[in-house]
Amino acid sequence: MIRLLLISSSLILCNYLFAQKNNSANAIQIKCTGFAISKPLSELTNNTDYDDVETADKKEVEIRRQKPANVNKNALPTGKDLAAQTTHGQKSMSAPIANWQGLSGSGYPPDPSGAASANYYFQAVNTQYKVYTKTGGNITGGGPFNLSALWAGSTDDGDPIVLYDKYADRWFMSQFNGNDKLLIAVSTSSNPVGAYYTYTFVPIAGTFPDYPKYSIWSDGYYFSSNTGAPFKIGALDRTKILAGNPAATMISLDVPTTPNNGFFCPLTADADGQLPPYGTPCPAFTQEDDTWSTGGVDQLHIFKIAIDWVTPANSSVILDQTLPTTPFNESFTSTWDDIAQPGTTQKLDAIDGVLMYRAQYRRWTGYNSVVLCHAVIVDPTTKQTGLRWYELRQNTTTGVWSIYQQSTYSPDLHYRWMGSIAMDDNGSIGLGYAVSSSTVSPSLRYTGRNSSDPLGQMTYSETIAIAGSGAQSGINRFGDYSQTSLDPDGITFWHTGEYLIGGGIRTRIFSFQIPTALATSINEDLTKTDLILFQNENHINVKGIRLPNNEEMQLTLFSIDGKEISSQKIQPTNNYLDADISITNLSKGTYLVRIGNEQFQKVKKIIIN
């Protein structure tokens, strides 16, 4: 069945609490226009009116305007990408742990998004969502369901995002809807097939919020979307949304003007490991190709978003830093026909102009980190595409960001794009992506590196998660994004992305781990570091087992919202430590314990009674 999805023309005027100029941002607080508590998913009717192996059309309103001319005739690089990694890594990567076919959606592109909890994997694609066991099995009441099933009166418009908020043990899902609405749903409990608090927001009345992206932060669910100038960024009140408060609001801010190619959606930082202290400004990231402006420079822009829920007019976003990069070329075609396929002249969209989802943020001893990636042209003659990736570090004393390492992954002549990158508790980086060329059908692969490896190198062998077949014809839309998330165990990467079978749309869900640097073979199990916590009267006893190194570690107790309560230095022996944390005069509640140093960290919850 070919399904044509038309974007609704209905218009709902938002309820502005106030709109006041801010020197840096024009902060506007916006009340939700709709709130409800859904039925439990287990009581909804499964969507049986679909075929997840069939391709179909989807009409999606876009605000991807015609790209501007390349105005900088002196743009760099003048030849091949100087940061390109042109050889494969030699270390053996582990095979996928879980690997199954996900939902395929009802249109081009499927926009797959997903995340894992301790027991479930939740995936959404355009028009549908489903909850699985972590081996790909069906669960009672897990769907598939239409996206619209959660929001009464809505339609299945798409661009979904799924997050697992492990700090609250809740599920977050979103889609855009109609001409100008963002729909948000957060589970009322840890049960993914239970009921959801549902919210409707209108960031700008009459303006379509294309390509919305979300992240978890201590004081909000931060968001951005491709709205057109003035571009918007902001936050949803996480505290009120988690409580199911109908008065939950959104604060929307104007992004400072920076050169872009007309398709602009900054990535707000998404916290993993532990939350930053409540009130910590949230960074957001975009890239700039020097072709986009006269005298431009290839660089990353870092914005700093400060949200004030007490006095929203004081909220702001500023351009905090610019970091020049090794020159890259993101001057793709104006028609978005970029990626070669076998047996056809039809090419696929490389999704240039935006950093690919997510901007994973982690706090370490002495610094904070963010990993990013985006598609670039490796060879201007052949237009071969690779993945430029970065690890940024922020000095926790000065607050200054720097590029710790960067590279373009292009180990052979195939095209790589649609990437998503993350870092585990050991500082190892995992990268999942799509691969295609004139000889390889669009497929899904992954690679990675350890924190101790030479900088700028993916040192593990590229591993095939699923080999595709055939080629897509008649349309260049593919993706539009993928998602690599980190399991609550801190060491397992989960990736969902698009591939083709017989030229038809498929999505895949797979997981993998990166062996630790200490492992002498791929089968040696040294990745399962454990942190055992238990309360003993006025102390928390902490046992660290199978630690990856014996270097001095910091043992820190945090409140659930990221505020440091106490800290001490601990010296492991034989990859083991045993220590106590005093909790005298500590209130009952949920806390976080972290052990770690610059090469490793492990964060775990404990409930103090």
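The values are calculated or read from the model by the stated rules, or taken from the named source; none is laboratory data. Computed from a predicted model, the values in this text were never measured in an experiment. Neighbour counts are summed over all protein chains in view; Cβ atoms, including those assigned to glycine, are modelled from backbone coordinates with ideal geometry.
Annotations for the structure displayed:
- Between Leu76, Leu6, Leu41, the distinction of being at pLDDT 80 or above and not assigned by TED's automatic domain parsing to the domain that holds Phe201 belongs to Leu76 only.
- Any pair with Cβ under 8 angstrom, 6 or more apart, that starts in region 577-602 at a residue that is hydroxyl-bearing (Ser, Thr, Tyr) and ends at one that is modelled with pLDDT under 85: Thr590/Ile560; Tyr591/Ile560
- Taking (1) surrounded by fewer than 24 Cβ atoms within 10 Å (Cβ to Cβ); (2) charged (D, E, K, R); (3) under 26 Å from Ser218 (Cα atoms) in turn, Asp424 satisfies each apart from (1).
- For Ala152, the test of being under 22 Å from Phe172 (Cα atoms) and either at pLDDT 95 or above or buried (at least 20 other Cβ atoms within 10 Å of the Cβ) (or both) is failed.
- Check on Ile377, part of a strand (DSSP E or B), among the β-branched types (Val, Ile, Thr) and crowded, with 19+ Cβ neighbours inside 10 Å: yes
- Scanning region 546-566 for any residue that is touching an Asp or Glu at 6+ places or on another chain (Cβ under 7 Å), part of a strand (DSSP E or B) and at pLDDT below 95 turns up at least one such residue.
- Considering residues of region 117-129 that are surrounded by fewer than 24 Cβ atoms within 10 Å (Cβ to Cβ) and closer than 23 Å to Tyr481 by Cα only, the residue farthest from the chain's Cα centre (by Cα): Tyr120
- Residue that is surrounded by the most Cβ atoms within 10 Å (Cβ to Cβ) [pool: residues in region 158-179 that are over 19 Å from Gln483 (Cβ atoms) and either hydroxyl-bearing (Ser, Thr, Tyr) or in contact with a Leu (Cβ under 8 Å, 6 or more places away or on another chain) (or both)]: Asn177
- Restricting Thr345, Thr335 to those that are without any contact (Cβ under 8 Å) to a residue 40 or more places away in the chain and either surrounded by fewer than 19 Cβ atoms within 10 Å (Cβ to Cβ) or not assigned by TED's automatic domain parsing to the domain that holds Asp237 (or both) reduces the list to Thr345.
- Considering (1) modelled with pLDDT of 95 or more; (2) under 23 Å from Pro442 (Cα atoms), the lone condition that Asn368 does not fulfil carries the number (2).
- Taken over region 180-234, the residue count meeting the criterion of being on the phi > 0 side of the Ramachandran plot and surrounded by fewer than 21 Cβ atoms within 10 Å (Cβ to Cβ) is 2.
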